[in-house]
Amino acid sequence: MSRSPSPWLYIPTLYFASGVPYIIINTVSVIFYKKLGVDNTQIAVWTSLLYLPWVIKMFWGPIVDTYSSKRNWILYTQLAMFCCLGLIAFCLQLPNFFFISLAALTVGAFISATYDIATDGFYLLALTPEQQAFFVGIRSLFYRLAVIFGSGLLVVLAGQLEGYLKNIPLSWTVAIGFSAVVLAILSLFHRFSLPLPDSDQPRQLQATDKIPFWTIISSYFAQEKIIVVLAFILLYRFGEAMLVKFASLFLLDKPEAGGLGLSTSEVGLVYGTFGVISLIAGGILGGLVIAKYGLKKCLFPMALALNLPDVFYVYMAYAKPSLTLVYPLVSLEQFGYGFGFTAFSVYLMYVSQGEYKTSHFAISTGIMALGMMLPGIVSGYLQPLLGYPLFFSLVCLLTIPGMIVLFFIPLKAEAQKRAIAH
């Protein structure tokens, strides 16, 4: 490489900048739409559709792989994301805020998905295999810190401003505008801090060159037992995908609507701060457990850890516990989610190997996003029909198919060791 600053200088901020837009688009949007008076069905359906760019990013992954450099893609998408968040912040003041902000969120989702492809590719090019293995935990940590920043700090900030300004739209404009400024600062920082790996130079294609779309995609879908693999990716988090779309709505909804009636700041603390800290702790423990015992032995116990705590929401929907009890119940559910999701993440790396591993990983995470989008859309229609108690009971039942499928997925010992190393 022409110059090689320490990865400590840029890997944490790259993945922090990856997490902030994702959590605002897919989680914080649910909260601010609820506070701005949008009904639950519209929130669940339309914000679930925002997963679409992460579903189909496999189709432009080869373009990011081929044109220009990953470094350029990172810098330009960060700048574009700043503009999108600024537009979202501004349009929340308008009477027709929903459609304009939804359009801006959609554009932002495409930009964020592209940034993720470029960042994962840059990670593989700028770091040695040893550094990649070492920093996998660091990048995950800072991505999760971005989640705390978005679903915790920003939501608490908006909640405090709601009380101080007595103006909900203005409160959220300030909070989202603050996140836009943070991304602008990170974009400027990365312009000067990112290295220039020799393998990441812009490449001019000749007229006869072709991007091997079909080769890349067909090589992924030619894997052993690919139907079972796809079923596993789609079903492993099916129940959780339905729950996560309504968790914050349930906490915010008034008791007469079946919810717990928490304030914006309380939701930011319960779900976005303590919940995410528990999620991080579960993920760290999950990584340690897989490293010691191997993925094959851990898959089913970790699937149980992911899915069984969903029953806490059934209890909360029926019992309407006090805030004191809500904190540990939500935290335990998120801890189990983080613990169980680790096995899922490692398996996605396992099925993303070979010459086109950047694009293969984009395909895997795209299918994973589809497994979040479809249940989220369905939940938007089911929850108003069933009410929270029956809805959360159904969520628990829909965790079973994913746990059954995992017994049939292919998993070889050497390959899982490579996946853990990466």
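Structural remarks
- Solvent exposure of residue 114, expressed as accessible area, is near 20 Å², computed with a probe of 1.4 Å over the protein chains only.
- Rounded to the nearest 20 debye, the dipole size of the chain about its Cα centre is 400 debye, using +1 on the Cβ of Lys and Arg and -1 on the Cβ of Asp and Glu.
- Loop-exposed GluC sites (Glu not before Pro) per DSSP, neighbour cap 13 Cβ within 10 angstrom, longest uninterrupted part of the chain: 1-223
- Nonlocal amide H pairs with residue 223, under 5 Å, H built at 1.01 Å: none
- Residue-averaged 222 nm ellipticity for the chain, from DSSP H runs of 4+ at -39500 (n - 2.57), nearest 500: -24500 deg cm²/dmol
- Full-extension gain in nm, residue 94 to residue 221, via 0.36 nm per residue minus C-alpha separation: 41.1 nm
- Using heavy atoms of the protein chains and a probe of 1.4 Å, the accessible area assigned to residue 41 is about 40 Å².
- Region 98-180: trypsin sites (Lys or Arg not before Pro) falling in loop per DSSP and having at most 10 other Cβ within 10 Å: 166
- Shown are 254, 296, whose ranking by accessible area with a 1.4 Å probe and every protein chain present, most to least, is 296, 254.
- Computed lengthening from residue 198 to residue 125, 0.36 nm per intervening residue step minus Cα-Cα distance: 25.4 nm
- Beyond 32 Å in Cα-Cα separation lie the following of the pairs 166/245; 245/357; 57/245; 34/292; 245/297; 57/254: 34/292; 57/254.
- Computed over the chain, relative contact order equals 27 percent, with contacts defined as Cα pairs under 8 Å that lie 6+ residues apart.
- The residues of the chain have, on average, 40 Å² of accessible surface per residue, using a 1.4 Å probe with all protein chains present.
- When a 1.4 Å probe is rolled over the protein heavy atoms, the share of accessible surface on the chain that falls to carbon and sulfur comes to 71 percent.
- Estimated at the nearest 10 Å², the accessible area of residue 320 is 80 Å² with a 1.4 Å probe.
- Dipole orientation for the chain: of the candidates 368, 383, 248, 368 has the Cα lying most toward the positive pole (charges on Cβ; Lys, Arg +1; Asp, Glu -1).
The values are calculated or read from the model by the stated rules, or taken from the named source; none is laboratory data. Model, not experiment: these values are computed from the prediction. Cβ: placed from backbone, ideal geometry, glycine included. Neighbour counts: every protein chain shown. These area figures cover heavy atoms from the full protein model, side chains too; ligands, DNA and RNA do not enter into them. Shrake-Rupley method; radii C 1.70, N 1.55, O 1.52, S 1.80 Å.
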